[in-house]
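Have a look at the structure below, then the notes.
The values are calculated or read from the model by the stated rules, or taken from the named source; none is laboratory data. None of the values given here were measured: they were computed from a predicted structure. Methodologically, a virtual Cβ is constructed for each residue, glycine included, from the backbone with ideal geometry; neighbour enumeration extends over all protein chains shown.
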């Protein structure tokens with residue numbers, strides 16, 4: 001049936017719960033998994049905060065260079081955290097006897113990254129978490145889950161986290 005299941009994660013406990021359930025499904029089906037972490041695009045405010053918390057503008061070439069260096073450090077830390085998340089889950093997959101690939105994508109919205117990973121890795125199912133959130137947009141599913149379900153070209157199985 002399914003041969004390659006995409007398991008998106010942002011590193012939260014809810015995502016780990018969903019990945020664990022996805023690994024059980026993969027093992028039952030004899031499928032492999034692809035674990036993906038998508039690094040978000042940073043807002044202009046996050047960029048300026050990383051550059052210098054007291055300065056809200058870039059006025060000289062020196063300011064611009066320092067901002068670029070700070071952003072490179074922030075991006076490096078984000079990517080390292082994402083790699084840590086997928087590496088931990090790959091170990092969990094290996095412990096359960098499931099073959100796992102990993103991918104960390106940067107500078108994308110979560111749903112764009114999920115679609116890109118599914119296409120690049122040839123995934124035929126997206127198995128993702130839905131967290132209980134408050135407010136109108138989170139009434140049934142989370143924002144990202146809702147977008148993935150609405151726009152995916154491959155089937156999506158939503159796992160309701162406790």
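Tabulated results
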{"read-out": "The listed residue being within 17 Å of the chain's Cα centre (by Cα) and closer than 21 Å to residue 23 by Cα, out of 79, 121", "value": "121"}
{"read-out": "Criterion (out of contact with any helix residue (DSSP H, G or I) (no Cβ under 6 Å at 6 or more places or on another chain), modelled with pLDDT of 85 or more, farther than 24 Å from residue 32 by Cα and in a helix (DSSP H, G or I)) met by exactly one of 76, 112", "value": "76"}
{"read-out": "Test: residue 103 is surrounded by 16 or more Cβ atoms within 10 Å (Cβ to Cβ), touching a helix residue (DSSP H, G or I) at 6+ places or on another chain (Cβ under 6 Å), in a helix (DSSP H, G or I) and modelled with pLDDT of 90 or more", "value": "no"}
{"read-out": "Answer residue from segment 132-162, given it is part of a loop (DSSP other than H, G, I, E, B) and buried (at least 20 other Cβ atoms within 10 Å of the Cβ) and is modelled with the highest pLDDT among those", "value": "142"}
{"read-out": "Residue, modelled with the highest pLDDT, within segment 11-47, restricted to residues that are surrounded by fewer than 17 Cβ atoms within 10 Å (Cβ to Cβ), under 14 Å from the mean Cα position of the chain (by Cα) and in a loop (DSSP other than H, G, I, E, B)", "value": "11"}
{"read-out": "Every pair of residues 6+ apart whose Cβ atoms lie under 6 Å, when the first sits in segment 11-27 and is at positive phi and free of Cβ contacts under 8 Å to residues at least 60 places away in the same chain while the second is outside any helix (DSSP H, G or I) and surrounded by 14 or more Cβ atoms within 10 Å (Cβ to Cβ)", "value": "none"}
